[in-house]
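For reference, the structure is listed below as structure tokens.
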Amino acid sequence: MSAIRLIVSDLDGTLLSPDHSLSKSVIDAVEEFTSRGGLFTFATGRPFLTAAAFETQLQLQLPYILCNGSVLACTGQIVESQDFMLDDLAGLLEEADEQLVDVLMFGEGGVSVFRASEPVAAYEAKEKVACSLVDRTADASWRVGRVQKVILMGNMNVIRPLWERHQPGLKLQYSTFQSEVNYWEIIPPGQSKGAALRRLAERLDIRPDEIMAIGNQMNDLDMLLAAGIGVAVANSPDELKAQADYVCEAGYGDGVVEAIRRFCLKTGPVQSAVEI
């Protein structure tokens, strides 16, 4: 087995504790790995607005993946971004709102919603962000806005049939996946955490067998498959565990620490880090 030079971890449900914070044990394990010459970053569905603080806490020295692969950021700024116009999705989003499915639209400047609700308030509390309200019936300008991703938040028994009914009529073949029990995410075509990881690895001249990827949801699957070692923490669904190379005994950040110690800290120093 090749030495792991790069670790990429999902944030919520994986690197972060259940209260969405970084534990000291996680920070210490990452610091120990990077002090030996290893590289560490994260890949998340979060936008720049709610993820940038973790760059500072982890003292990252290389790009991190946002919006499930459609955005790369580094040193406090966005360096690569794919987006799309909402007009193509307007019918879907309007019907979703009518069926009381929350619609979250992620632009570079923030998150917009059609209505206030308890799930939206819970999202705001978790992400520590305030969503702006858009009156879709009074102002149609939202249709020409450009976004990095959309989340339909609610009952999957409502959302999946809704998507399947609208998807054939859409101009673009968007990348879609379920990232939480109540999140259906829509991002630009061809984008994913795995695709972004492959671009990053090529940029860093790191082979797939030198990468360990860690996650907890099905939107992490192609990232795990793109790495030499794909790890699922204990709180992952069975579908992800079945395709992981290693399933942690511990969940959340404790699982990440377990994987780092098992695969990356038993040997000597990692090969010197590359130029970023």
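Since every read-out is calculated from the coordinates, none of them should be taken as a lab result. Quick caveat: nothing in here was measured; it's all calculated off a predicted structure. Heads up, the Cβs are rebuilt from the backbone with ideal geometry, glycines too, and the neighbour counts pull from every protein chain shown.
When shorter helices are ignored and each DSSP H run of at least 4 residues is given -39500 (n - 2.57), the per-residue value for the chain at 222 nm works out to -9500 deg cm²/dmol. Here the spin labels are modelled as points 7 Å beyond Cα on the Cα-Cβ line, and at Gln59 and Met85 they lie 4.7 nm apart.
With the convex hull of the Cα atoms taken as the outline of the range 1-67, the averaged projected area works out to 4.8 nm².
Applying 1/(1 + (r/R0)^6) with R0 = 25 Å to the Cβ-Cβ distance of Gln77 and Ala125, what FRET efficiency is obtained, to the nearest 0.05? Intermediate results must be reported in sequence, preceding the final value.
Values: r = 26 Å, r/R0 = 1.06.
Computed FRET efficiency for Gln77 and Ala125: 0.40.
Restricting attention to the range 139-175, which trypsin sites (Lys or Arg not before Pro) occupy a DSSP loop and are surrounded by at most 14 other Cβ atoms within 10 Å? Show your work: numbers first, answer last.
Numbers: sites: Arg143, Arg146, Lys149, Arg165, Lys171; in loops: Lys171.
Loop-located and lightly packed - Lys171.
Let me know the shape class of the range 65-189, please: from the alpha-carbon gyration tensor, a ≥ b ≥ c as square roots of the eigenvalues, rounded when a/c is under 1.5, otherwise prolate if a/b is greater than b/c, or oblate. The shape class here is rounded.
Could you work out the local net charge near Cys264, counting Lys and Arg as +1, Asp and Glu as -1, over the other residues with Cβ closer than 12 Å to its Cβ?
On the way: positive: Arg5, Arg36, Arg261, Arg262, Lys266; negative: Glu32, Glu210, Glu258.
Net charge in that neighbourhood comes out at +2.
Relative contact order of the range 1-76: 28 percent, from C-alpha pairs under 8 Å at least 6 residues apart in sequence.
Across the chain, the mean sequence separation of Cα contacts (distance under 8 Å, 6 or more residues apart), normalised by length, yields a relative contact order of 24 percent. A cut-off of 5 Å between modelled amide H atoms, ignoring neighbours fewer than 5 places along the same chain, links Ser175 with Ile187, Gly190, Gln191.
Past 31 Å, Cα to Cα: identify those pairs from Lys171/Lys193; Lys128/Lys171; Lys128/Lys266; Lys24/Lys241; Lys126/Lys266, in the order given.
With Cα atoms farther than 31 Å apart: Lys128/Lys171; Lys128/Lys266; Lys126/Lys266.
For Lys128, neighbours were defined as the other residues whose beta-carbon sits under 14 Å from its Cβ, and their charges (Lys and Arg +1, Asp and Glu -1) total -2. Here's the list of aspartates and glutamates a cross-link from Lys149 could span, going by alpha-carbon distance under 12 Å and ignoring same-chain residues fewer than 8 apart: Asp83, Glu108, Glu185.
Over the range 32-146, Cα pairs under 8 Å with separation of 6+ residues give a relative contact order of 21 percent. Once you treat every alpha carbon in the range 120-276 as an equal point and sum by Debye, what is log10 I(q)/I(0) at q = 0.09, 0.20 Å⁻¹? Per q value, in the given order, log10 I(q)/I(0) is -0.41, -1.38.
How much of the calculated P(r) for the range 1-129 lies past 24 Å, in percent of all Cα pairs? Don't skip to the end; give the middle numbers.
On the way: 3142 of 8256 pairs.
Cα-Cα pairs of the range 1-129 separated by over 24 Å account for 38 percent.
Residues of the chain were split at every exposed loop site, defined as GluC sites (Glu not before Pro) in a DSSP loop with at most 12 other C-beta atoms within 10 angstrom, and the longest piece left, sites excluded, is 1-248.
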